[in-house]
Structure formats: C-alpha cells, structure tokens
Amino acid sequence: MAGSDPSRREPNELALLDRIQRKVLWLSTYMVHHANFLRPNPDGTKVGGHQASSASVVSLMTALYFKALRPGDVVAVKPHASPLLYAIQYLRGRLDVSALSELRSFEGLQAYPSRRKNSRAVDLTTGSMGLGAVAATFGALATRYLTDHIGVVTPERFIAMVGDAELDEGNVWEALLEEALSHLGHVLWIVDVNRQSLDRIVPDSRARQLPELFRGTGWRVIELRYGSRLQGLFSQPGGNLLRARLEAMPHAEYQSLLRSPASAVRKALVSTPDGGTDSTLDSLLAGISDETLPGLVSDLGGHDLRLILEAFREVERNPEGPCVILAHTIKGWGLPFAGDPLNHTMLLTPAQIEDLRDSLGIAPGEEWAGFSPESPEAELIRGLPPLFAPPTLSARVPEIPAGLDETYPAESSTQEAFGRVLGALTRLPIADRIVTVSADVAVTTHLAGWINRKGIYFPRGQPDFFAELPQAVRWRESPAGQHIELGIAEHNLFLLLGALGLTHELSGVTLLPIGTLYDPFISRGLDALYHALYSGARFVVAATPSGVSLSPEGGAHQSVITPGIGIGLPGIVYFDPAFAQEVEWILLDGLRRLLNRQEGESLYLRLSTKPIDQRLAPPPTPEYRAQVLRGGYRLI
C-alpha cells in the first residue's frame with residue numbers, strides 16, 4: 001500500500017508538521033501578548049513571559065509532541081518555554097482553550113512548568129535553571145531502581161528540553177559525573193543551543209566544550225548544527241570554505257548577521273581578515289540573491305523538521321546509555337526580534353502581533369482557535385499515541401508499626417538512635433520500600449548497619465574485591481541494593497530524594513526515601529531541596545551532626561542557621577529531638593506522613609552526635625509522645 005511507504009509519507013507529514021508548528025508559534029506568542037496587553041491588569045505591573053525562548057524550540061517541540069513521543073515518555077520542558085508547552089497541550093487535548101488566557105494568573109497556568117499545580121499539562125516540574133533536567137535524569141535512576149526491585153518500568157523514558165545557558169549551572173555537571181547515570185539508556189536531553197542567555201551571548205568556547213563534556217561523562221552526542229539547505233550548499237565546490245567560515249565565526253558575529261541587512265551578510269561572509277574578498281566564497285554565493293542569503297545563513301538544524309525527526313530515530317536505534325541532542329536554533333525564531341541579543345524579555349508590540357497574525361494566516365476572531373476537526377492537522381493529532389498518563393497504584397504499602405521493639409543505651413546520641421531505628425526497620429516488611437541515599441557520608445551518619453543488611457544499589461553488579469577481607473561495612477554494589485551512595489554533591493542528594501519521592505505519582509509505586517548529610521551543608525543544596533519539595537515529592541532528610549557537634553573541625557562545620565531553614569521551608573516538617581525514644585516516634589510518624597500524598601509532608605530530622613543521659617527524658621507515655629509529635633514539651 002502506497003501509504004505505508006515512509007519516503008512517500010514524509011513530504012506530506014513534514015508539511016503538516018510545519019503547519020502545526022506555525023499554529024504553535026502563534027498560540028504561544030499570543031498567549032504572552034494577551035497576558036501583558038489585553039487581560040485586565042489593575043496595577044500595571046509587567047506580567048512577562050518568554051516569547052523568544054519559546055520560539056527557539058518550536059520546531060523541536062513540534063517534532064517531539066506531534067511525532068516522536070511514546071505513551072511511556074515523560075518530558076521536562078525548559079522553564080522559559082512554558083507557553084509553548086501549554087499551546088501544544090491545548091492542541092493535544094490536554095488543556096481547555098480557557099486555560100490559555102490565564103497564563104501567569106492566580107491559579108492559572110504557571111510561569112514555569114509545575115506538575116503539582118498544572119498536572120494535566122506538566123509531567124515534570126522545571127523552574128530554577130538547570131534543576132529540571134537533572135531532576136528528570138535522577139527520575140530515570142529512580143525508575144531503574146523500581147525496575148530492578150519490583151519490575152516496574154513506568155515511565156519508560158525521561159526526556160529533558162534544556163536551554164544552553166542552563167548548562168552554566170554547576171549542578172548540571174555535578175549530576176553528570178555520577179557514574180550510575182551513564183548506565184541509563186532511557187534518558188534523552190535536547191539542548192536548545194541558541195547561543196543566548198538572559199543578558200549575554202554565550203561564550204564561543206561552548207560550541208567546542210559541550211560535546212566534549214557530554215562524551216566525557218559517558219553520553220552519546222548527536223549534533224544538529226546546520227539545516228538541509230546549508231548542508232546542500234556545503235557539498236558544492238567551495239562549500240567547505242563556507243562551513244569553515246561559519247564554524248570559526250564568533251557567536252556575537254553570527255548573531256549580528258541575523259540582524260543585518262542582506263547586503264551586509266554577503267560582505268561579511270566573503271571578506272578576508274586583511275579586508276579583501278575570498279574569490280571562492282564569492283563565487284559560491286554568486287547565484288544566491290541578497291534576499292535569499294540571510295535565510296540561508298540562519299538555516300540551522302534545530303529548525304529543520306526532517307533532520308530533527310531523523311535525530312529522534314537515531315536515538316531509538318541505539319538505546320544504550322544516555323543521549324543528548326545539541327540542536328542549534330535561533331532565539332526568537334519566526335519573530336521580529338529573532339537573534340536580538342536582548343530579546344529574552346522582549347515582548348511583541350500590538351503592531352508586531354498584527355503583522356505576525358497576517359504572516360501566519362490567523363483570521364481576526366480566531367486567535368485561540370485550534371484546528372478544525374476535519375482538517376489534516378486534526379486527523380494527524382487524532383492518530384497520535386496517547387501522552388503519558390500516571391499509572392494506578394500497583395501494590396499496597398506494608399504497614400508502618402506504631403512502635404519498635406528496640407532498646408537504647410543509657411548514654412545515647414540522637415544520631416545513634418537513628419541508626420538503631422533503621423536497624424529495627426530492616427526486620428519488618430516495610431523495609432522493602434525504604435531506600436537510603438547519602439552524599440558520601442553514609443558511615444558517619446550511622447547508615448552502616450542498614451548498608452550491611454541491604455547492600456548498595458548500582459544499576460550493574462560490581463565485583464567486591466574486599467569480600468574476603470574483614471570490613472566494618474560490606475560495600476556490595478548490585479541492582480538488589482537499597483542504599484544509593486552519591487559523591488559529595490548535596491544538589492544531587494536532594495534531587496535524587498525528590499525523584500525517589502515522586503515514584504508514587506509517576507510509577508504507581510510508593511517508596512520511602514531517607515537521605516543523610518551533614519547538617520551544616522543543608523544550605524549547599526538548598527535550591528535543589530526547594531525544587532524537590534515544590535515538585536510535591538515526599539522524603540526524609542536526616543541531617544547529622546548538627547549544631548556545634550562538629551565545632552572541633554572549625555566554624556564552617558557548625559550549623560546555627562539550619563533551624564530557620566527547617567521552620568521556613570513549606571512542604572516539610574522540622575524536628576530536633578533530644579532523646580533516643582523521640583527519634584523513633586518522629587521517624588515512624590514521618591514515614592506515615594510520606595504515605596499521605598494529599599496532606600502529608602516531608603520530614604527534616606536534625607540530629608546530633610552529642611551523647612545524652614537518657615534518664616533525663618520524661619517517662620514514655622502516650623501524652624509525652626503526642627507532645628513530641630506536636631512539636632515540643634516542657635522538660636523542667
């Protein structure tokens with residue numbers, strides 16, 4: 001049948017996708033315009049929005065959402081492309097048209113994608129730059145953990161749309177250095193290489209550094225630098241010189257060509273450093289009119305639908321290990337300020353919106369219209385596989401006991417009590433759902449007993465070269481382990497805790513994540529902790545030693561401001577117990593809070609290495625326990 005021949009289908013399919021991306025471009029741009037110019041705004045404060053940042057990924061997102069996505073895929077969309085995501089979800093039937101006019105309004109569509117507040121449209125929360133993609137990647141590790149322990153394989157793939165300026169964030173490279181991530185074949189990043197950040201043009205060295213950095217951390221790299229028309233020109237005699245000229249060109253010069261008159265573009269391309277003319281380049285470009293040349297120079301791979309689809313197919317042909325597509329784009333593509341170095345916060349004027357309406361064929365009164373049901377575009381959309389839908393719960397969580405059959409020494413610290421409580425939990429069915437995480441401080445935060453019983457988790461089994469030697473801690477790494485050991489990177493700790501704490505919502509299996517770190521270093525990962533809580537994740541943070549416990553190691557190891565963090569952060573309840581029995585009560589209550597997905601909170605348990613005489617504690621009565629869980633009691 002002719003319709004089954006991909007070579008015959010593709011031209012028609014590309015034409016349809018092009019018409020869809022034009023509609024998506026209009027809706028995302030008009031959505032921001034409506035919020036700033038048309039919706040009532042009593043105090044006149046700028047509402048904002050990111051028309052240019054959305055436009056730079058319109059081709060990538062169109063190809064992804066209208067062709068490449070599978071039902072098991074979840075997507076983390078770069079924060080500044082949220083209007084584009086909402087426009088796509090409207091066309092895909094996930095949002096009602098009325099939602100589009102409420103961008104950035106109270107209880108409306110959020111400025112940045114939030115799964116907790118706009119769950120119909122958003123798979124994964126993104127927000128503070130650089131965190132969303134890393135959180136998604138740790139989400140893939142959490143799913144791999146579930147696959148190895150329970151057989152759950154949902155979600156099947158984690159895709160992150162990332163802005164190139166987000167890669168300036170150090171937490172990105174902290175995460176990619178974690179060896180376990182290099183073994184995940186269900187991770188895809190799509191980097192929007194538009195060479196612009198908020199204020200500046202991205203440094204020239206990034207074009208060379210990014211592929212090397214990704215490859216150095218075990219990622220497969222696919223580059224979409226030039227579009228089909230430019231590639232065709234490169235294949236002609238002298239085309240190699242044009243390619244070399246463009247690749248040697250500073251980012252700032254290239255961006256200036258995007259804003260220059262047609263005649264100036266030709267002159268810049270054929271001029272030699274000494275002010276002369278390169279005759280070979282001049283001859284190559286002689287048959288190209290001044291009117292055509294700027295469009296040719298701006299022909300980048302991130303806006304070539306055919307090449308984008310081929311890149312997505314290439315990803316699926318080799319699913320071993322994580323993959324990144326470096327897609328070169330133009331910030332503000334298709335808009336009057338395309339390529340302007342300061343277009344990040346620019347908004348189209350009312351006159352420019354009218355010009356855009358005319359160029360995209362949007363009739364007056366049809367500003368919010370999708371595709372008519374009988375149109376080829378609507379038919380294509382109806383034939384797409386369904387988008388990701390969270391699964392139902394796969395199994396009931398074992399009961400958390402009211403108490404433990406555990407004793408505590410007469411002289412005991414709260415950190416020691418924490419280790420004993422975990423040891424008691426290993427003997428109960430609920431232990432199967434507990435996973436501990438540490439940023440290279442497992443032993444010094446009293447996780448050794450848990451590790452000896454449950455082992456270290458790693459996606460691939462590792463040889464234990466110390467198996468025949470005496471060890472206080474048996475470091476057995478395998479897919480069956482229940483402790484995940486990270487490097488000294490607190491951002492990674494909190495983002496992984498957030499990912500493990502969302503498996504209930506994304507995979508239908510509830511885990512009880514417990515992470516440990518030194519309390520003084522809570523502040524080092526605070527942005528990631530906030531992101532995890534804002535995403536709606538549920539987990540336990542055991543921070544120890546705290547206070548002045550580490551004062552012999554210097555002032556930097558004292559934690560005197562962290563109580564304010566625990567009290568001030570939303571979505572997490574803070575406890576600083578004095579006695580061992582209190583640690584047991586609080587931790588058991590905290591685990592129950594994790595199971596309450598509607599009203600429960602995460603737990604921040606601040607512990608100490610200072611031994612305390614347990615005889616000073618009140619008698620263990622129900623009233624004492626109730627007072628502890630309410631937050632405090634009078635001791636003397």
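The values are calculated or read from the model by the stated rules, or taken from the named source; none is laboratory data. Everything numeric in this text was worked out from a predicted model, so none of it was measured. Quick reminder, even Gly has a Cβ in these numbers, built from the backbone with ideal geometry, and neighbours come from all protein chains shown.
Tabulated data
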{"quantity": "Flag for T29 being β-branched (V, I, T) and not in a helix (DSSP H, G or I)", "calculated": "no"}
{"quantity": "Options V628, V541, V583: the member that is part of a strand (DSSP E or B), touching a residue at least 12 places away in the same chain (Cβ under 8 Å) and either out of contact with any helix residue (DSSP H, G or I) (no Cβ under 6 Å at 6 or more places or on another chain) or aliphatic (A, V, I, L, M) (or both)", "calculated": "V541"}
{"quantity": "Residue satisfying all of: in segment 94-131; in contact (Cβ under 8 Å) with a residue 60 or more places away in the chain and small (G, A, S); surrounded by the fewest Cβ atoms within 10 Å (Cβ to Cβ) among these", "calculated": "S105"}
{"quantity": "Within segment 224-308, helices (runs of 4 or more DSSP H) holding 2 or more residues that are within 42 Å of the chain's Cα centre (by Cα) and touching a residue at least 40 places away in the same chain (Cβ under 8 Å)", "calculated": "228-234, 239-248, 251-258, 293-297"}
{"quantity": "Options S205, S197, S260, S228; residue that is of a type in the set (S, T, Y), touching a helix residue (DSSP H, G or I) at 6+ places or on another chain (Cβ under 8 Å) and within 22 Å of M161 (Cα to Cα)", "calculated": "S197"}
{"quantity": "Residues located in segment 526-553, provided they are more than 19 Å from T436 (Cα to Cα), surrounded by 23 or more Cβ atoms within 10 Å (Cβ to Cβ) and not small (G, A, S)", "calculated": "H531"}
{"quantity": "Test: residue in segment 554-562 that is touching a Leu at 6+ places or on another chain (Cβ under 6 Å), surrounded by 17 or more Cβ atoms within 10 Å (Cβ to Cβ) and closer than 26 Å to G132 by Cβ", "calculated": "no"}
{"quantity": "Single match in E354, E377, E366, E314 (criterion: under 14 Å from A63 (Cβ atoms) and assigned by TED's automatic domain parsing to the domain that holds L210)", "calculated": "E314"}
{"quantity": "Candidates G568, G555 - the one that is under 30 Å from T503 (Cβ atoms) and of a type outside the set (D, E, K, R)", "calculated": "G568"}
{"quantity": "The lone exception for E377 - which of (1) of a type in the set (D, E); (2) under 27 Å from A76 (Cβ atoms); (3) assigned to a loop (DSSP other than H, G, I, E, B) it fails", "calculated": "(3)"}
{"quantity": "Options P250, P203: the member that is more than 16 Å from A136 (Cβ to Cβ) and outside the structural domain of L281 (by TED's automatic domain parsing)", "calculated": "P203"}
{"quantity": "Filter result (in a loop (DSSP other than H, G, I, E, B), among the aliphatic types (A, V, I, L, M) and touching a strand residue (DSSP E or B) at 6+ places or on another chain (Cβ under 9 Å)) within segment 171-215", "calculated": "L184, V202"}
{"quantity": "Some residue of segment 425-443 being of a type in the set (S, T, Y) and more than 29 Å from the chain's Cα centre (by Cα)", "calculated": "yes"}
{"quantity": "Residue match in segment 112-125 (condition: part of a helix (DSSP H, G or I), in the same structural domain as H328 (by TED's automatic domain parsing) and not hydrophobic (A, V, I, L, M, F, W, C))", "calculated": "no"}
{"quantity": "Residues within segment 372-403 that are surrounded by 18 or more Cβ atoms within 10 Å (Cβ to Cβ) and either more than 30 Å from L69 (Cα to Cα) or of a type in the set (S, T, N, Q) (or both), tallied", "calculated": "2"}
{"quantity": "Any hit, segment 202-222, residues being among the hydroxyl-bearing types (S, T, Y) and loosely packed, with under 14 Cβ neighbours inside 10 Å", "calculated": "yes"}
{"quantity": "Residues being within 17 Å of the chain's Cα centre (by Cα) and part of a helix (DSSP H, G or I) - total across segment 66-82", "calculated": "4"}
{"quantity": "Among residues of segment 319-335, those that are under 29 Å from V202 (Cβ atoms) and surrounded by fewer than 16 Cβ atoms within 10 Å (Cβ to Cβ), counted", "calculated": "1"}
{"quantity": "Residue list for segment 358-380, restricted to those being touching a residue at least 40 places away in the same chain (Cβ under 8 Å) and under 33 Å from the mean Cα position of the chain (by Cα)", "calculated": "L360, E367, W368, G370, F371, E377, L380"}
{"quantity": "Failed item, numbered, when S523 is tested on (1) on the phi < 0 side of the Ramachandran plot; (2) buried (at least 18 other Cβ atoms within 10 Å of the Cβ); (3) not aromatic (F, W, Y)", "calculated": "(2)"}
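Conditions tested, residue by residue: (1) touching a residue at least 60 places away in the same chain (Cβ under 8 Å); (2) under 15 Å from V541 (Cα atoms); (3) hydrophobic (A, V, I, L, M, F, W, C).
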| residue | (1), (2), (3) |
| --- | --- |
| R427 | no, no, no |
| I434 | yes, yes, yes |
| V437 | yes, yes, yes |
| Y457 | yes, no, no |
| G461 | no, no, no |
| E468 | no, no, no |
| V473 | no, no, yes |
| A480 | yes, no, yes |
| L500 | yes, yes, yes |
